[in-house]
Structure formats: structure tokens, C-alpha cells
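To start, the structure itself, in C-alpha cells.
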Amino acid sequence: MPIKGKEIKNNNIFMWANILKITLIIFVAIISLVPFLWIVMSAFKDRMDIMSPTLYLFFKPTLSNFKEAFGASGGFSIYFRNSLIVAISNVVLCIITGVPAAYSFSRYYVLGAKHLYFYILTTRMCPGIAIGLPLYIWFNKLNLLGTIPGIILAHATFNLALVIYLMKSFFDGIPKEVDRAALVDGYSEWQVFTRVILPIARPSIIASAFLVFIYSWNELLFAMLLGGQTARTLPAAFPGLVTALGTYWGQLCAAATVVAVPVIILVVFIQKYLVQGLTLGAVKG
């Protein structure tokens with residue numbers, strides 16, 4: 001009986017600990033969601049409701065802020081298009097170059113591989129502002145200032161290292177016997193990579209692509225410094241809504257809501273692959 005009573009007591013402690021943990025998680029989630037929900041609500045309010053000192057949870061929604069921001073006069077539709085082009089192109093560029101590079105670091109002998117790998121990672125460690133001026137001078141000589149290809153290349157300087165780091169960790173977790181077995185079956189080195197390894201690495205590739213998309217989609221410094229007016233992205237266009245006459249809060253909240261929508265949609269549809277991709281290479285077999 002004493003042993004059984006002790007087990008019941010331990011179970012009760014474990015149950016209450018779980019309840020406390022779940023309550024804390026829900027509380028933190030609510031606190032984190034309140035600012036975002038406030039931005040979304042403000043996007044559908046008119047200026048009088050936004051500036052009113054009285055809190056209104058129920059109001060008459062309007063799309064005027066979206067029309068003003070993304071209409072012909074606002075110009076944010078162009079910035080939205082630029083953001084999509086830059087983010088998607090950056091994903092394609094980094095995945096196409098980063099995944100084979102990570103596989104090479106993981107599987108083949110490369111002269112000075114450790115130093116080269118560390119050098120690539122330092123491009124991610126380095127703060128963006130430290131290379132902002134060199135990139136500006138370099139892009140100016142190459143006539144890439146104010147162009148979308150210039151922004152894509154600038155984002156790739158950081159995101160490529162992230163793809164190589166994540167994918168190398170995953171490839172290191174795949175036994176080399178898988179490659180050797182495929183070679184014995186008559187596959188070439190390229191076929192082993194494309195037909196055997198890449199299907200296994202699909203979750204990690206999707207997770208890496210998602211992270212690259214987010215970093216490129218939300219990037220502000222290079223888009224403002226190198227993009228100019230023609231290649232400006234959505235985050236870089238936000239400061240234009242803060243003027244000497246005041247801040248256009250409604251349009252700012254509408255633009256912020258639109259910026260969050262693609263990321264939320266991606267998370268909903270690729271959540272399974274995202275979790276798998278970020279955990280498969282975490283532990284070596």
C-alpha cells in the first residue's frame with residue numbers, strides 16, 4: 001500500500017506539472033498573439049477608430065487601408081511583387097547551389113574543407129551592416145544597384161551559408177553505406193545524389209527552403225541600402241508610411257498583415273516537413 005500510494009502521489013505531481021506547463025504555454029502564446037491580432041484588427045479600421053482613445057473590439061470593418069496601400073496611388077503592390085520575386089528566386093538559387101555543396105562537404109575529400117566550410121559559415125555570422133558598404137561599392141561598379149538581381153545576390157550571401165550548414169548536418173546523418181549500395185547497383189555518382197539521397201533529404205530541403213524564404217522575405221537592410229526605389233521590397237517600403245505629416249497607421253497595418261500572410265500559409269502547408277527537416281539531422285546514427 002505505501003508503494004501504491006507513493007505512485008499515486010507521483011502521478012498527481014506529474015499531472016499537475018503538465019497542467020501548469022500547458023497553462024504557461026497557452027499564456028505565452030496569447031501574449032505573443034495579441035500584438036499581431038491588434039495589427040490585423042487595425043488594418044480593417046478607419047483612421048478615426050485607430051486613433052480613438054477608446055478600445056473598440058467590435059467595429060465596422062473597411063478595406064480602405066488595403067486599397068490605399070496596394071492601389072495605384074500606394075504602390076505597395078509593386079513592392080509585394082518585388083518581395084515575391086526576390087524571395088522565390090533566392091530560394092531557388094540557394095537550394096540549387098547549397099544542397100550540392102553541402103553534399104560535397106559531407107561525402108567527398110575537399111582540400112582545406114574545414115577552413116573553407118568555416119569561411120562559408122562566417123558569412124552568416126558576420127553582421128549585415130559590416131558588408132553593406134563593400135556590397136554597395138561592388139554592386140555600383142557592376143550596375144546592380146537598384147535592381148532585383150542585386151537584391152537576390154545580396155540575400156544569397158547570407159542564406160547560402162544557412163542552407164549548406166543545415167543540409168550538411170543532415171547528409172552527415174545518412175550512412176555512407178547507402179551511397180555505396182547504390183554504386184554497387186550500378187548508379188553513377190550523380191544518380192546516387194539525385195535518385196537516392198535527394199528523395200531522403202526532401203524534408204530537410206523543404207525546411208531549408210522555408211527558412212531561406214522567411215529570411216529573404218523579411219530582410220530590410222539590403223533591400224533599403226541596395227534596392228533603391230525600383231527594387232524596393234515590402235519591408236523596405238514601411239518607413240515611407242512614416243512622414244512629417246504623421247504616420248499612416250491603417251496602411252502600415254494593412255501592409256504588415258499582407259507581409260505575414262505568405263509565411264502563415266507556408267507554415268500551415270509544410271509544417272510536417274518543417275518539423276521533420278529540422279530534426280532528422282539533429283542526431284547522428
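The values are calculated or read from the model by the stated rules, or taken from the named source; none is laboratory data. Since the model is a prediction, treat every value here as computed from it, not as a measurement. When we count neighbours, we look across all protein chains shown, and the Cβ atoms used for this are built from the backbone with ideal geometry, even at glycine. All accessible areas refer to the heavy atoms of the entire protein, side chains included, with ligands and DNA or RNA removed. Shrake-Rupley method; radii C 1.70, N 1.55, O 1.52, S 1.80 Å.
Summary table
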item	result
Selection count where residues are at pLDDT below 85 and either of a type in the set (K, R) or under 24 Å from the mean Cα position of the chain (by Cα) (or both), scope segment 32-53	1
Among (1) touching a Phe, Trp or Tyr at 6+ places or on another chain (Cβ under 8 Å); (2) modelled with pLDDT of 85 or more; (3) of a type outside the set (S, T, N, Q) - the single one A113 does not satisfy	(2)
Residue in segment 40-53 that is part of a loop (DSSP other than H, G, I, E, B) and either open to solvent by 70 Å² or more (accessible area, probe 1.4 Å) or small (G, A, S) (or both) present	yes
Options Y103, Y119: the member that is open to solvent by less than 80 Å² (accessible area, probe 1.4 Å), under 24 Å from the mean Cα position of the chain (by Cα) and of a type in the set (F, W, Y)	Y103
Scan of segment 153-169 for residues that are among the hydrophobic types (A, V, I, L, M, F, W, C) and either farther than 10 Å from S208 by Cβ or not in a helix (DSSP H, G or I) (or both), ordered by number	L153, A154, A156, F158, L160, A161
Pair list, Cβ under 6 Å, 6 or more apart: segment 248-272 residue in contact (Cβ under 8 Å) with a residue 24 or more places away in the chain, other residue open to solvent by less than 30 Å² (accessible area, probe 1.4 Å) and among the hydroxyl-bearing types (S, T, Y)	C253/S42
Filtered residue count, segment 54-88, keeping only those that are under 14 Å from the mean Cα position of the chain (by Cα) and open to solvent by 40 Å² or more (accessible area, probe 1.4 Å)	2
Residue ID - most open to solvent (accessible area, probe 1.4 Å), chosen from residues in segment 192-240 that are under 26 Å from E68 (Cα atoms) and without any contact (Cβ under 8 Å) to a residue 40 or more places away in the chain	M224
Residue satisfying condition, being within 12 Å of A101 (Cβ to Cβ), surrounded by 13 or more Cβ atoms within 10 Å (Cβ to Cβ), touching a helix residue (DSSP H, G or I) at 6+ places or on another chain (Cβ under 9 Å) and not basic (K, R), within set I131, I164	I164
Among (1) open to solvent by less than 40 Å² (accessible area, probe 1.4 Å); (2) at pLDDT 90 or above; (3) of a type outside the set (S, T, N, Q), the one test that D179 misses	(2)
Single residue of segment 211-245 satisfying the filter (farther than 19 Å from V258 by Cβ and part of a helix (DSSP H, G or I)) that is nearest to the chain's Cα centre (by Cα)	L211
Flag if S52 is within 22 Å of A260 (Cβ to Cβ) and polar (S, T, N, Q)	no
